[in-house]
């Protein structure tokens, strides 16, 4: 049963007895483990009301002090994010391959203490006991990502911080923030203030999906300052999560064009788009536009220390390029024959700039429609074809195919699902995805960094809507990303109740397993559901021009 822990650890052994956390308990930590000890101390204090003192590790074989101890140490023999957690009646011993491993082990210890260990204030009369056991664990994939779209549905900083705590619970270690799109620009850029003065606001939003959708008449907007984002980055780093920013190019740019019309092909006028979907507007191919985005990326890199910087590249329609005489002249002067080659040229300019700064470009699989620099990393979302092409060309890959990893897609075929879009992605559908089956090639195993779940926010305009769409499907994704191959659905189901109880303690408005509560439904708001077979045929057509 793995003690009810999600994601499932490599091994779990139940033993006799239990360990009690009380006023006499201390935390003992080596110098290397001190940061993890402080994090565990703070998390336990919030939930239990007990501020456990941190003391240096006892000498070998020693047991100094009156109280039982929770002992933390770094063991370089363990995998970097791995841990060994031994709970005995006389003490707890937690070793991690690094402070990240210790942090993950601390989360597991809190899970074994019970759901109240995740509350933000102590409840009266609680006793804090964990059954004796030994857990040995390490992740399957190095990249265990989650993408939050804050461009369409802006999420205030405090909601992003709350989400980071929930990602940490699931051992997610990458948060991709989709900061710009047609519907809004969410990062302050000092050099170009109109990006947020104009681009961060729209007069209304699309209500529903498909041909029967309407507009809601409600203004919406918001953006993050540099310091807001630095705080998000620091908060995530304390929980061993890297924040990867995304600035969309050369499509999905209406918010930027509304602020600076000279960046577009037609010159405007443009508006921050209240509709969802794909429109024809793209950036022009002038060197001045490339320089504009180099300057934007310089500010992005000054705020985000992440190795990877995402530049979009997806769903850029090229009709305007094909029909514009100025663009055709620029293509000819650069020796480019097709609009696809022009997009590849644009992305390569940004790739070279990021590489020169010691960073790596991260792009959706459309960027493979032309040659890339060797350091570019691909998010394969249109099925797995992008991954196959990227690996054949020597690029690293993150798997996020929309037929398993899109948590904004409907969760069942019931009419009660709110604003149903996309194919059905049930909890079990997410759980049963196998990123690297037994017959996966050696190059695929070498280049696949991991997996990522994506949440596009067209129809997630509140924190509770995000909760409903993401949880508990993120628990299923966590086992895809973290746990060893050979998952069993019945075993996951048996552990899920404990995870749902943690959600309850943390105030997560998750989707019940039996279907939505009445207040989670959106009767009368149209959606656009799709059959899986239709979507697979569409993806095959969309990726037909990707060649290895």
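Just to verify a result, which residue in region 513-528, among those that are exposed (fewer than 12 other Cβ atoms within 10 Å of the Cβ) and in a helix (DSSP H, G or I), is nearest to the chain's Cα centre (by Cα)?
The residue in question is 519.
From the list 280, 298, exactly one residue is assigned to a helix (DSSP H, G or I) and either in contact (Cβ under 8 Å) with a residue 12 or more places away in the chain or assigned by TED's automatic domain parsing to the domain that holds residue 149 (or both). Which is it?
Only one candidate qualifies: 298.
Test of understanding: among 154, 141, 146, which residue is under 21 Å from residue 363 (Cα atoms), modelled with pLDDT of 95 or more, surrounded by fewer than 24 Cβ atoms within 10 Å (Cβ to Cβ) and touching a strand residue (DSSP E or B) at 6+ places or on another chain (Cβ under 9 Å)?
So the residue among 154, 141, 146 that is under 21 Å from residue 363 (Cα atoms), modelled with pLDDT of 95 or more, surrounded by fewer than 24 Cβ atoms within 10 Å (Cβ to Cβ) and touching a strand residue (DSSP E or B) at 6+ places or on another chain (Cβ under 9 Å) is 141.
Given the residues 91, 105, which is the only one that is surrounded by fewer than 19 Cβ atoms within 10 Å (Cβ to Cβ) and more than 30 Å from residue 184 (Cβ to Cβ)?
Checking each option against the conditions leaves just 91.
Going through 210, 199, 267, 217 one at a time, which residue ends up being surrounded by 21 or more Cβ atoms within 10 Å (Cβ to Cβ) and part of a loop (DSSP other than H, G, I, E, B)?
Only one candidate passes the filter, namely 199.
Within region 447-484, can you find the residues that are within 17 Å of residue 428 (Cβ to Cβ) and in a loop (DSSP other than H, G, I, E, B)?
The answer is 471, 472, 483.
Mind checking whether some residue in region 314-323 is more than 18 Å from residue 266 (Cα to Cα) and either surrounded by fewer than 20 Cβ atoms within 10 Å (Cβ to Cβ) or assigned by TED's automatic domain parsing to the domain that holds residue 195 (or both)?
Within region 314-323 (the criterion being more than 18 Å from residue 266 (Cα to Cα) and either surrounded by fewer than 20 Cβ atoms within 10 Å (Cβ to Cβ) or assigned by TED's automatic domain parsing to the domain that holds residue 195 (or both)), the answer is yes, since at least one residue qualifies.
Which residues, taken from region 475-490, are within 16 Å of residue 140 (Cβ to Cβ) and either at pLDDT below 95 or surrounded by fewer than 18 Cβ atoms within 10 Å (Cβ to Cβ) (or both)?
If the condition is that a residue be within 16 Å of residue 140 (Cβ to Cβ) and either at pLDDT below 95 or surrounded by fewer than 18 Cβ atoms within 10 Å (Cβ to Cβ) (or both), then 484, 485, 486, 487, 488 are the ones that fit.
Any residue in region 237-259 that is in a helix (DSSP H, G or I), modelled with pLDDT of 95 or more, more than 18 Å from residue 320 (Cβ to Cβ) and within 22 Å of the chain's Cα centre (by Cα)?
The answer is yes; a qualifying residue exists.
Has region 158-169 got any residue that is in the same structural domain as residue 396 (by TED's automatic domain parsing) and without any contact (Cβ under 8 Å) to a residue 12 or more places away in the chain?
Taking every residue of region 158-169 in turn, at least one turns out to be in the same structural domain as residue 396 (by TED's automatic domain parsing) and without any contact (Cβ under 8 Å) to a residue 12 or more places away in the chain.
Would you mind stating whether residue 382 is in the same structural domain as residue 477 (by TED's automatic domain parsing), buried (at least 20 other Cβ atoms within 10 Å of the Cβ), closer than 30 Å to residue 524 by Cα and in contact with a strand residue (DSSP E or B) (Cβ under 9 Å, 6 or more places away or on another chain)?
The answer is no for residue 382.
At least 3 residues that are without any contact (Cβ under 8 Å) to a residue 60 or more places away in the chain in each: list the strands (runs of 3 or more DSSP E) lying fully within region 28-143 that qualify.
Fully inside region 28-143 and qualifying: 54-56, 69-74, 83-88, 91-96.
May I ask you to list the residues in region 529-545 that are part of a loop (DSSP other than H, G, I, E, B) and over 26 Å from the mean Cα position of the chain (by Cα)?
544, 545
Only one of 338, 355, 377 is surrounded by fewer than 20 Cβ atoms within 10 Å (Cβ to Cβ) and in contact with a strand residue (DSSP E or B) (Cβ under 9 Å, 6 or more places away or on another chain). Can you tell me which?
That would be 355, the only listed residue that is surrounded by fewer than 20 Cβ atoms within 10 Å (Cβ to Cβ) and in contact with a strand residue (DSSP E or B) (Cβ under 9 Å, 6 or more places away or on another chain).
The values are calculated or read from the model by the stated rules, or taken from the named source; none is laboratory data. Here the structure is a predicted model, which means the values were calculated and not measured. Quick reminder, even Gly has a Cβ in these numbers, built from the backbone with ideal geometry, and neighbours come from all protein chains shown.
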